[in-house]
1. Classify the stretch 43-162 from the C-alpha gyration tensor, please: rounded if a/c falls under 1.5, else prolate or oblate depending on whether a/b exceeds b/c.
2. Quick check: the angle from helix 45-73's long axis to the longest principal axis of the chain, C-alpha only, nearest 10 degrees?
3. Can you put 97, 271 in order of Cβ neighbours within 10 angstrom, beginning with the fewest?
4. For residue 72 and residue 2, FRET efficiency with R0 = 30 Å and r from the beta-carbon atoms, rounded to 0.05?
5. Over the alpha-carbon set of the stretch 99-234, divide Rg by the Kirkwood Rh and report the Rg/Rh ratio to two decimals.
6. Roughly speaking, what is the centre-to-centre gap between the stretch 167-239 and the stretch 70-135 when only Cα atoms are used, to the nearest Å?
7. What distance in nm lies between label points placed 7 Å from Cα along the C-beta direction at residue 262 and residue 175?
8. Which FRET efficiency value, to the nearest 0.05, do you get for residue 279 and residue 197 by plugging their Cβ-Cβ distance into 1/(1 + (r/R0)^6) with R0 = 30 Å?
Ligand SMILES: C[S@@+](CC[C@H](N)C(=O)[O-])C[C@H]1O[C@@H](n2cnc3c(N)ncnc32)[C@H](O)[C@@H]1O
């Protein structure tokens, strides 16, 4: 895992540095954070790179723990057929890969990632895995791929995405769930939650709505309390010992890239020239990449019929 993360980080950082050199200023990156429910402009490759430098290793660790928890519950049996909605650059596929590897499960992965944005840095770790990308907005899916979720899917995952759909898009997703071809007698819904309280509430309410649809229209019983959220036990406020690498074996964030991310503003030529537009959004660009488990929160709901 360490090597995989650090190779990705170095690749992304090299591209980021090249962009920064070419552009000369970092104004496009202002607002690339989630404060107050903000949504970064992921269409912009420069923004994608900055987002990934800050969040990719930590999200990989969170999804790794989420899949590991799913396996430890021993509810589903292989094959695992994953539908990831809002998959980005497949970070949860990477988490799934390492969770299986840790368990010495070398079966191939069947993964479908959907996203309205065609992210850079998607790829397979194992050549033979079936990992496909569907470049759709969920609001278009109904027209193009009526039968999603499909007969084979037994894991449907929202990797930090469910709260980012507009109300209309989420309405479309609910229709897809109502008319889906889900056929498995056992399946799971998983969602990794945004950490701010009001965002967290939206994310959980939406999972609750999908749960009700699966019960009412697809004949499933939900085996879990829909309010159950998995959090890290060591997440006491200001606990200095909640470094992700302590919780996830092999997790690491390359030191050189880390120092550079903490000092992102140094790459802004306008800033170096005493830019008059300098404001609090600029200083935010020097924030740490996520290295602690404090924000990790996810739900796993089991369904049976
Ligand atoms: C916070 S990002 C998470 C990306 C990735 N799962 C990760 O962990 O890095 C949310 C993702 O949801 C996608 N998304 C938002 N609305 C969407 C929609 N209506 N249809 C498909 N994807 C959508 C965005 O493009 C973005 O990639």
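1. Oblate shape, in that a/c is at least 1.5 and b/c is the bigger or equal ratio.
2. On a 0 to 90 degree scale, this one is about 40.
3. Fewest to most other Cβ atoms nearby, the residues stand as 271, 97.
4. Between residue 2 and residue 72 the formula returns 0.85.
5. 0.95
6. If we compute the Cα centre of each part, the gap is 19 Å.
7. Label-label distance for residue 262 and residue 175, simple model: 5.0 nm.
8. The calculated FRET efficiency here is 0.70.
Each reported figure results from applying straightforward, stated rules to the coordinates on display, with no laboratory input. Note that this is a predicted model, so its numbers are computed, not measured. We place every Cβ from the backbone using ideal geometry, glycine too, and count neighbours over all the protein chains shown.
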